[in-house]
Number of protein chains: 2
Amino acid sequence: MKIDPSSKADLSAQIAKAIRDAIVSGALIVDERLPSEAELSEQFEVSRATVREALKRLAAQSLIRTQRGAFGGAFVNRLSFEEAYGQQITTSTLLLSMNAVSFETACEARFALESACAPLAATRRTADHLATMRAEIFRQTQPGLSDEGWCASDVAFHRALVDAAGNPVLSYQLAGAVEAMQPLMNMITFTARSRGKIVSLHTKIVDFCDAGDGAGIEEILEALALYTRQLGQEMAQKKTTS
Amino acid sequence: MKIDPSSKADLSAQIAKAIRDAIVSGALIVDERLPSEAELSEQFEVSRATVREALKRLAAQSLIRTQRGAFGGAFVNRLSFEEAYGQQITTSTLLLSMNAVSFETACEARFALESACAPLAATRRTADHLATMRAEIFRQTQPGLSDEGWCASDVAFHRALVDAAGNPVLSYQLAGAVEAMQPLMNMITFTARSRGKIVSLHTKIVDFCDAGDGAGIEEILEALALYTRQLGQEMAQKKTTS
DNA sequence: AGACATTTAAACGTCTGACAAATGAAAATT
DNA sequence: AATTTTCATTTGTCAGACGTTTAAATGTCT
């Protein structure tokens with residue numbers, strides 16, 4: 001195995017790409033052991049340090065894991081949904097915070113995606129999902145709840161709704177959209193009145209979910225989206241006038 | 001700045017985490033220059049090689065970029081939508097291929113998400129989007145088109161539909177779902193008859209899009225989802241009997 | 001003074017060689 | 001047979017060196 005010397009990129013980036021391609025194409029399968037760093041440095045004709053930098057790049061993407069000791073080495077990692085969630089959430093969060101995505105836009109995307117799982121959630125929700133949602137609603141009615149706690153509970157509620165659709169791919173895709181919204185939501189001050197209104201909408205959602213009425217859920221979600229956007233606008237106005 | 005010596009993780013992972021946290025929390029802002037590798041190795045009291053491995057981890061996540069030369073160094077990277085697309089697509093693709101996600105499940109997620117942008121696409125589509133979709137439909141009618149070419153065009157068509165919703169966050173989230181499906185779709189053999197049927201559905205979609213009829217788009221998408229699933233089942237049967 | 005060429009220092013990219021620490025297999029011992 | 005010891009392998013970390021790139025600073029000429 002060799003590396004294209006005409007490429008302008010760093011050697012470690014080229015090697016990382018070569019190995020990544022081998023994994024994506026299926027030439028390297030899950031749990032397969034890569035050659036040792038010493039062997040790789042021979043094959044690619046670079047130093048061990050360079051190989052190590054390449055491997056760290058892959059480790060950062062959860063494509064490989066490493067083990068020390070005899071018969072250790074780098075192994076192709078089975079990318080779990082959990083790990084993928086995590087990566088997606090940090091990526092989405094940064095994307096939103098660094099690109100001045102408006103509250104409007106993020107809100108629109110989030111509720112559009114969430115509506116997509118409403119019909120599925122209505123038919124597939126289990127008692128577990130309903131219990132989780134009701135528990136979060138209960139938390140949201142506690143008077144002493146901090147703003148951060150409120151937002152966290154809101155995220156948990158909506159994640160339960162998404163998970164109720166029973167499709168791990170959907171859950172994965174939406175994890176980013178829902179969680180990445182939290183920093184933006186944290187900027188809103190939720191008054192007792194607004195909390196009450198949201199709790200009542202949440203209650204309707206879980207009731208429709210229980211009844212298996214997907215269209216009902218969508219309707220409430222739309223109202224919730226409208227109200228959330230309204231709160232966002234008030235926040236924007238307060239900011240400009242202060 | 002120092003590192004927790006009680007942690008069991010690698011030093012390079014700890015340092016990467018420390019810098020990543022600083023970026024996510026906003027302590028380091030976009031385009032800000034990090035200390036040089038030599039300075040970082042002093043601050044963290046580790047060797048330069050270890051610092052470099054940490055920086056490569058961050059580079060793999062597009063959190064930083066590096067520049068050589070005087071006044072070069074590592075800079076906090078503005079995560080662009082383009083880069084985020086790319087990461088999301090490789091992650092989604094691997095997730096699907098390594099976790100034995102069924103064609104059913106992937107299909108369901110994809111069409112559920114796509115339906116979510118139908119109403120927005122109907123109101124916001126530009127002449128550009130319509131032209132792209134029509135161009136892809138034309139490609140799909142060419143008799144000599146290979147199976148790979150067909151699938152690529154299919155992806156391009158659906159991406160144009162998603163982009164027509166005019167919400168970059170939605171486009172980003174869906175890029176993964178749509179593109180990650182391609183390897184699964186590639187396993188289906190598209191006969192002339194099935195191609196014809198799909199082209200006719202695509203044509204209806206772009207017509208509804210042109211007319212601003214979101215509900216119409218959703219309806220056709222549902223039919224397309226149904227037909228795609230049917231093709232998937234035929235493929236599965238052929239595989240078990242052969 | 002202004003335009004162009006040269007020098008130079010800072011910083012990353014890579015290499016070499018070394019040692020420590022972990023780890024599982026094999027060998028030795030009880 | 002069970003336990004302990006040895007041992008080879010492999011990753012993790014370090015120190016020092018050299019090449020390459022790059023932009024700023026300096027010098028030179030018109």
Quiz item: Across segment A:170-210, what is the number of residues that are aromatic (Phe, Trp, Tyr) and modelled with pLDDT under 85?
Solution: 1
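Between A:SER102, A:SER25, A:SER62, which is assigned by TED's automatic domain parsing to the domain that holds A:VAL169 and more than 9 Å from DNA strand D (Cβ to nearest atom)?
None of the others qualify; the one that does is A:SER102.
Restricting the search to segment B:128-140, which residues are exposed (fewer than 14 other Cβ atoms within 10 Å of the Cβ) and not hydrophobic (A, V, I, L, M, F, W, C)?
B:ASP128
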Self-check item: Search result, residues across segment A:28-58 that are more than 9 Å from DNA strand D (Cβ to nearest atom), assigned to a loop (DSSP other than H, G, I, E, B) and over 15 Å from B:ARG52 (Cβ atoms)
Solution: A:LEU28, A:ILE29, A:VAL30, A:ASP31, A:GLU32, A:GLU45
Practice problem: May I ask you to list the residues in segment B:6-20 that are in a helix (DSSP H, G or I) and either open to solvent by less than 70 Å² (accessible area, probe 1.4 Å) or facing another protein chain (nearest Cβ under 10 Å) (or both)? | Solution: B:SER12, B:ALA13, B:GLN14, B:ILE15, B:ALA16, B:ALA18, B:ILE19, B:ARG20
Quiz item: Which members of segment A:72-114 meet the condition of being assigned to a helix (DSSP H, G or I), more than 18 Å from B:ALA180 (Cα to Cα), open to solvent by 30 Å² or more (accessible area, probe 1.4 Å) and facing chain B (nearest Cβ under 8 Å)?
Solution: A:THR90, A:THR93, A:SER97, A:THR105, A:GLU108
Practice problem: Quickly run through segment A:8-22 and pick out the residues that are among the aliphatic types (A, V, I, L, M) and modelled with pLDDT under 95. | Solution: A:ALA9
Quiz item: Can we say A:LEU184 is of a type in the set (A, V, I, L, M) and open to solvent by 20 Å² or more (accessible area, probe 1.4 Å)?
Solution: yes
Practice problem: Would you be able to say whether some residue in segment B:136-159 is more than 16 Å from the chain's Cα centre (by Cα) and within 11 Å of chain A (Cβ to nearest Cβ)? | Solution: no
Quiz prompt | Counted residues, segment B:15-63 - those being within 12 Å of DNA strand C (Cβ to nearest atom) and under 14 Å from B:ASN77 (Cα atoms) | solution = 6
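The values are calculated or read from the model by the stated rules, or taken from the named source; none is laboratory data. Just so you know, these numbers come straight off a predicted model, no measurement behind them. Backbone-built Cβ (ideal geometry, glycine too); neighbour counts: all protein chains shown. In case anyone asks, the SASA skips ligands and DNA or RNA and just uses the protein heavy atoms, side chains included. Shrake-Rupley method; radii C 1.70, N 1.55, O 1.52, S 1.80 Å.
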